[in-house]
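The values are calculated or read from the model by the stated rules, or taken from the named source; none is laboratory data. Note that the structure is predicted; figures quoted are calculated from it, not measured. As a convention, Cβ positions derive from the backbone with ideal geometry for all residues, glycine included, and neighbour counts pool all protein chains shown. All accessible areas refer to the heavy atoms of the entire protein, side chains included, with ligands and DNA or RNA removed. Shrake-Rupley method; radii C 1.70, N 1.55, O 1.52, S 1.80 Å.
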Amino acid sequence: MACHSAERKMIGPTYKAIAERHGKDESAIKLLSEKIVKGGGGNWGQLPMPPQPGVSPEEAEALAKWILSHE
Ligand code: HEM
């Protein structure tokens, strides 16, 4: 919550913007789950997203589905 919110731009993109960009993409859940755990940058701007090693693959998939529900 320090970096993302549903609609207010913070350090990271809003969940709404992520859902709009990836919503229709079949492999979005897999792509976003991996991004959540491994982190990375370059899709939204200069700032990279730090890895989230404390998030399990199952939790990352649940988070990805929840984020995509913000369309
Ligand atoms: C478990 C917690 C988190 C979740 C579920 C999450 C989720 C996401 C997702 C789904 C994306 C978009 C990926 C893409 O479109 O390629 C993203 C990007 C990003 N997140 Fe997070 N995030 C988390 C924690 C954080 C934290 C703690 C920070 C800040 C320190 C952060 C900063 C960013 C930034 C800067 C981007 C854009 C990276 C780029 O340009 O590719 N995120 N995040």
message: Return the residues of the stretch 31-59 that are touching a strand residue (DSSP E or B) at 6+ places or on another chain (Cβ under 9 Å), open to solvent by less than 40 Å² (accessible area, probe 1.4 Å) and either farther than 23 Å from Glu71 by Cβ or in a helix (DSSP H, G or I) (or both); say none if nothing qualifies.
response: Ile36, Gly39
task: Give me the pairs, please: first residue somewhere in the stretch 56-71 and touching a residue at least 60 places away in the same chain (Cβ under 8 Å), second residue anywhere and assigned to a helix (DSSP H, G or I) and open to solvent by 40 Å² or more (accessible area, probe 1.4 Å), beta-carbon distance under 6 Å, and either six or more positions apart or on two chains.
output: His70/Lys16
field: All positions within the stretch 8-30 that are touching a His at 6+ places or on another chain (Cβ under 8 Å) and surrounded by fewer than 13 Cβ atoms within 10 Å (Cβ to Cβ)
entry: Met10, Ile11
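Being within 6 Å of the ligand (Cβ to nearest atom), touching a Leu at 6+ places or on another chain (Cβ under 8 Å) and open to solvent by 50 Å² or more (accessible area, probe 1.4 Å): is that true of Ile67 here?
No; evaluated as a whole, the condition is false for this residue.
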message: If a residue must be assigned to a helix (DSSP H, G or I) and within 7 Å of the ligand (Cβ to nearest atom), how many such residues does the stretch 10-30 contain?
response: 3
